[in-house]
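Q: Just dropping this structure here.
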Amino acid sequence: MKAIVVTDEAAGTAGMTLMERPDPEPALNDVVVQVHASGFVPTELAWPSTWTDRLGRDRTPSIPGHELAGVVSALGYGTTGLSVGQRVFGLTDWTRDGTLAEYVAVEARNLAPLPGDVDFAVGASLPISGLTAWQGLFEHGRLRTGQSVLVHGAAGAVGSMVTQLAREFGAYVVGTGRAADRQAALDFGAHEFVDLGSEALEDVGGVDLVFDVIGGDIGKRSAGLIRAGGTLVSVVGPSEARPADGLAIDFVVMPDRAQLDEIVQRVRGGRMRTNIGNVADLDDAVAALNPTKRVTGKTIIRARS
């Protein structure tokens with residue numbers, strides 16, 4: 001099969017190569033999925049799991065990408081709940097070869113059925129962004145109706161999902177980002193927007209929850225905005241500062257079939273929309289994942305048209 005492969009951690013996305021790799025074999029409780037579309041998060045090339053397995057052994061050449069939508073082509077021994085020919089989408093294991101390929105082996109429990117009226121590119125754009133938003137808001141942030149949420153990067157792939165879910169659940173949403181992102185963030189449902197380049201973050205005042213996808217100085221300053229009993233949720237590692245009277249939580253997104261179904265049903269019903277910035281074929285993936293200009297939203301790679 002054709003796949004995007006990385007072998008040099010220092011090279012980053014510039015070290016990606018399209019090459020032939022052996023077809024994956026399904027392990028116990030696995031399925032093999034014929035990939036139609038996949039997503040990619042550039043930071044994964046800095047994750048140890050991209051380069052070593054759970055025992056710390058080198059696993060290069062490795063195939064990156066962990067979001068997919070496709071069709072089940074084979075079942076491993078003992079696999080139940082899915083069938084050959086079924087449309088699926090989901091999130092693959094961090095320490096196994098990923099989804100920037102024509103086929104991938106993945107634990108069946110990490111996948112959810114993809115409704116027939118949802119495009120594969122849309123399905124592939126949902127797992128990391130959607131699950132990160134869901135888990136950050138509801139599992140870790142314990143969002144309640146009527147609370148206020150500060151969403152950093154509100155026009156980005158994750159932030160746009162956070163904004164839409166928080167708005168749906170009755171929160172007052174303040175989005176942040178660059179000046180050029182203002183209208184997009186408002187269109188996704190933010191009640192107001194802060195341009196981090198020219199407006200003072202501190203003017204937002206107190207909020208119940210901060211969803212941080214930026215970190216650094218922005219994350220540190222955000223801790224001071226948390227009201228008593230509130231939460232700073234981060235997906236970029238532990239915050240450098242903690243709220244004076246609240247929680248600071250950092251987490252790594254986990255696969256969850258039930259949550260994937262919640263998310264895709266919202267997309268089907270028009271209550272949420274995904275944020276796709278660019279779509280490219282697998283043959284053109286290396287160039288697409290090394291853009292010469294800023295792309296807002298997620299880049300999706302199609303393995304099949």
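The values are calculated or read from the model by the stated rules, or taken from the named source; none is laboratory data. As the structure is a computational prediction, the values presented were derived from the model and not from experiment. We place every Cβ from the backbone using ideal geometry, glycine too, and count neighbours over all the protein chains shown. What goes into the accessible areas is simple: the full protein's heavy atoms, side chains included, and nothing from ligands, DNA or RNA. Shrake-Rupley method; radii C 1.70, N 1.55, O 1.52, S 1.80 Å.
Q: For the range 128-187, give me the residue count where each residue is under 16 Å from residue 207 (Cα atoms) and part of a strand (DSSP E or B).
A: Qualifying residue count for the region: 9.
Q: For the range 27-38, give me the residue count where each residue is open to solvent by less than 40 Å² (accessible area, probe 1.4 Å) and either out of contact with any helix residue (DSSP H, G or I) (no Cβ under 9 Å at 6 or more places or on another chain) or not in a strand (DSSP E or B) (or both).
A: 2
Q: How many residues does the range 247-305 contain that are under 16 Å from residue 43 (Cα atoms), surrounded by 15 or more Cβ atoms within 10 Å (Cβ to Cβ) and of a type in the set (Lys, Arg)?
A: 1
Q: Of the residues that sit in the range 195-220 and are surrounded by 18 or more Cβ atoms within 10 Å (Cβ to Cβ) and of a type in the set (D, E, K, R), which one is farthest from residue 154 (Cα to Cα)?
A: 208
Q: Okay, moving on. Give all pairs with beta carbons closer than 8 Å in which a residue from the range 20-36 that is among the basic types (Lys, Arg) meets a residue that is open to solvent by less than 90 Å² (accessible area, probe 1.4 Å); count only pairs at least 6 apart in sequence or on separate chains.
A: Listed by first residue and then by second, the contacts come to 21/1; 21/2; 21/3; 21/5; 21/61; 21/63; 21/97; 21/101.
Q: Would you mind finding the one in 80, 99 that is of a type in the set (S, T, N, Q), at pLDDT below 95 and assigned to a loop (DSSP other than H, G, I, E, B)?
A: 80 is the lone residue from the list that is of a type in the set (S, T, N, Q), at pLDDT below 95 and assigned to a loop (DSSP other than H, G, I, E, B).
Q: Give all pairs with beta carbons closer than 8 Å in which a residue from the range 100-129 that is under 18 Å from residue 73 (Cα atoms) meets a residue that is assigned to a helix (DSSP H, G or I) and of a type in the set (Lys, Arg); count only pairs at least 6 apart in sequence or on separate chains.
A: These pairs meet every condition: 109/257; 110/257; 111/257; 112/257; 115/268.
Q: Let me spell it out: the conditions are (1) in a loop (DSSP other than H, G, I, E, B); (2) more than 23 Å from the chain's Cα centre (by Cα); (3) free of Cβ contacts under 8 Å to residues at least 12 places away in the same chain, and residue 203 meets all of them except one. Which number is the exception?
A: (1)
Q: Does residue 228 fit the bill of being farther than 30 Å from residue 107 by Cα, modelled with pLDDT of 95 or more, surrounded by 19 or more Cβ atoms within 10 Å (Cβ to Cβ) and not β-branched (Val, Ile, Thr)?
A: no
Q: Regarding the range 4-20, can at least one residue be identified that is closer than 16 Å to residue 106 by Cβ and either part of a loop (DSSP other than H, G, I, E, B) or modelled with pLDDT under 95 (or both)?
A: Checked the range 4-20: no residue is closer than 16 Å to residue 106 by Cβ and either part of a loop (DSSP other than H, G, I, E, B) or modelled with pLDDT under 95 (or both).
Yes/no matrix, rows are residues, columns are (1) out of contact with any Asp or Glu (no Cβ under 6 Å at 6 or more places or on another chain); (2) open to solvent by less than 10 Å² (accessible area, probe 1.4 Å); (3) more than 16 Å from residue 44 (Cβ to Cβ):
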| residue | (1), (2), (3) |
| --- | --- |
| 94 | yes, no, no |
| 98 | yes, yes, no |
| 126 | yes, yes, yes |
| 129 | yes, yes, no |
| 151 | yes, yes, yes |
| 154 | yes, yes, yes |
